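Values quoted throughout were computed directly from the atomic coordinates according to the rules given, and no laboratory measurement underlies them. From a predicted model like this one, the values you see are computed outputs, not experimental measurements.
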Amino acid sequence: MAYRALPGAGLGGRGQRANVARDTRHMTQETSRQGKTTIAPDVLITIAKLAALSVPGVAHMGSVPGGVNRLLKRGAADGVQIEVENNCVTANLHIVVKAEMNVREISRNVQAEVARVIQHMVGMEVLAVNVTIDDVAYGETPD
């Protein structure tokens, strides 16, 4: 999906937002005339994390294993690893689920929701959403 700024919508100082209109008719032309949009990796990590946490049955994010290498990768502390290749996204999520919930159903719902939200918000193709259940959170009430 291509986006273009509305007339008179400046990008003033910090904290101001641009007014943006969605234009799906001329995606490649708008993109080439308007310039390039770059999405920081942390944005994809945040989107994936918030989408996963919105699924009923997810207690919180887990942690990505990997020792020292984990510390050098973005999103590892958030339980999310994102790989982007040829404008396609692969997300690896580590979650902790609430007790007495169907783990398989939760993981499938997380996969569907993360893929849907990334495709909707960013317009990138999602190749895979891999979910690892790190633990079950006992003592928390299910939704």
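Shape class of segment 82-143 from the Cα gyration tensor (axes a ≥ b ≥ c, square roots of the eigenvalues): prolate, since a/c reaches 1.5 or more and a/b is larger than b/c.
Distance distribution note for segment 38-137: the fraction of Cα pairs above 22 angstrom is 24%. Residues whose amide H comes within less than 5 Å of that of Thr132, counting only those at least five positions distant or on another chain, are Leu93, His94, Ile95 (H built at 1.01 Å from N in the peptide plane).
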